[in-house]
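Taking it in order: structure first as structure tokens, then the write-up.
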Amino acid sequence: MSIKVYPLSNPYLSVFSNAVIHNQNSVSNLIFTQTAEGRIIENLWLEGFATFGKISNYNEQNGRIVYNDPDMIKLSYGAMLRYVFPFNMTAKLIFSGQNREKKIITNTISGYQNNLPVYTRQTTTAEYNFNSFALGLKYDF
């Protein structure tokens, strides 16, 4: 379900919300995305976004973005600064960050049986952040 709102009927300010129930292996998960965009000055726009939920094996924006990573994304956030030139060119500076969770499996020797080692498997979880910057130029013919 998606909704886009222009507060105070202002065409230079918009808020977009999207909620999806993602089902995989009989597990349901709510993924919620919030985006706000506004014009700062003539031809310069700023957009901020955040996605909440357990993101794994998930497509967003009609398949334009595919999350097919073995590590689960718990939070995705970022901002985009966009400048629209008067001659059919657009420049973008994009920052995106993610809070991720990784499962780590370790095997340790817990003893010996018949002169062979006996291993004990342990699973731990590690959390880490992933950040990226991108710069793009687009020309419309």
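The values are calculated or read from the model by the stated rules, or taken from the named source; none is laboratory data. Note that the structure is predicted; figures quoted are calculated from it, not measured. Cβ placement follows ideal geometry from the backbone for every residue including glycine, while neighbour counts extend to all protein chains displayed.
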Q) Can you tell me which residues in the stretch 12-62 are among the hydroxyl-bearing types (S, T, Y) and free of Cβ contacts under 8 Å to residues at least 24 places away in the same chain? A) S17, S26, S28, T35
Q) Of the residues that sit in the stretch 62-76 and are within 30 Å of N10 (Cα to Cα) and in contact with a strand residue (DSSP E or B) (Cβ under 9 Å, 6 or more places away or on another chain), which one is modelled with the lowest pLDDT? A) I65
Q.
Restricting to the stretch 100-141, count the residues that are among the polar types (S, T, N, Q) and over 26 Å from Y77 (Cβ atoms).
A. 10
Q) Does the stretch 45-55 include one or more residues that are touching a His at 6+ places or on another chain (Cβ under 7 Å) and either surrounded by fewer than 17 Cβ atoms within 10 Å (Cβ to Cβ) or under 23 Å from L135 (Cα atoms) (or both)? A) no
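Results for (1) within 17 Å of the chain's Cα centre (by Cα); (2) surrounded by 11 or more Cβ atoms within 10 Å (Cβ to Cβ), shown as yes or no for each residue.
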residue	(1), (2)
Y58	yes, yes
L75	yes, yes
E101	yes, yes
R121	no, no
Y128	yes, no
Q) In this structure, is G111 on the phi > 0 side of the Ramachandran plot and surrounded by 14 or more Cβ atoms within 10 Å (Cβ to Cβ)? A) no
Q. How do the pairs read when you match residues in the stretch 121-141 that are more than 18 Å from K54 (Cα to Cα) with residues anywhere that are aromatic (F, W, Y), using Cβ under 6 Å and keeping only pairs 6 or more apart or on different chains?
A. F133/F95
